[in-house]
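Below is one structure, written out as structure tokens; the observations come after it.
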Amino acid sequence: MIVLGIDPGTRRFGWGVVHKRGTKFVHVSHGVIILGDGPLHLRLAALEVQLQSVIDQFRPTHASVEGLFFAKDAQAAAKLGHARGVALMVCGRAKLEVFEYQPARVKRSVTGNGQADKEQVAQMMRVVLSLREPPPADAADALALAVTHLQHAPMLAASDRVHPLTKAIAAAKTQQKRARNLSARRPV
């Protein structure tokens, strides 16, 4: 499994490629796509081309993308959503399996602290991936996303091996519980 970690942005777009050999995480490559200050539609078009080039060069099998989070600035959140959309489209076109992780979960997975700052994440990626120096913040976040997926992949695979009937029974029980809770809340 080769994982492409993606830290989306419309000015700086981080990416990192990692795989696992036994219990060791192996760094393949990382970088930051600098998109500059031009019109958004041109930056997104450039992002598509450059991200496709990364995928063509490193041939990942999975992508790990930073999940949406609520931002104070709605306009910035919308622009981030555009960059995520381009990333998801490029990954979909390349037929990668895509997984999303919230920033706090990634930080907790790689540093043990869901509130870790960018410097802590970069230093941990330097150590975990045996890099000579910490990667740039955007690339460090992308590498952390890839490592997080590699940590969680065995659990996800195990849950996929659960018999479909077992999953259906669990889903039915959850639905019954929700129905009971809703009926208990309704005034008579």
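Any read-out appearing in this document is the output of simple, stated calculations on the displayed coordinates, not a laboratory observation. All values derive from a computational prediction rather than experimental measurement. Cβ atoms come from the backbone with ideal geometry, glycine included; neighbour counts cover every protein chain shown.
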* Of Lys79/Lys107; Lys95/Lys173; Lys95/Lys118, pairs whose Cα-Cα distance is over 32 Å -> Lys95/Lys173
* May I ask you to order 103-113, 11-21 by the average number of other C-beta atoms within 10 Å around their residues, highest value first? => 11-21, 103-113
* Asked: Within segment 2-18, what residues put their amide N at less than 11 Å from the label point 7 Å along the Cα-to-Cβ vector of Val49?
  -> none
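Using unit Cβ charges (K, R positive; D, E negative) and no other charged atoms, how large, in debye to the nearest 20, is the dipole of segment 2-162 about its Cα centre? Please list the in-between numbers first.
Working: 19 positive and 14 negative charges, 63 e Å.
The dipole of segment 2-162 has a size of about 300 debye.
Grab the other residues whose beta carbon is less than 11 angstrom from that of Arg43, score K and R as +1, D and E as -1, and report the net. Could the numbers behind the result be given before it?
Numbers: positive: Arg11, Arg12, Lys79; negative: Asp37, Glu48.
Residues near Arg43 contribute +1 overall.
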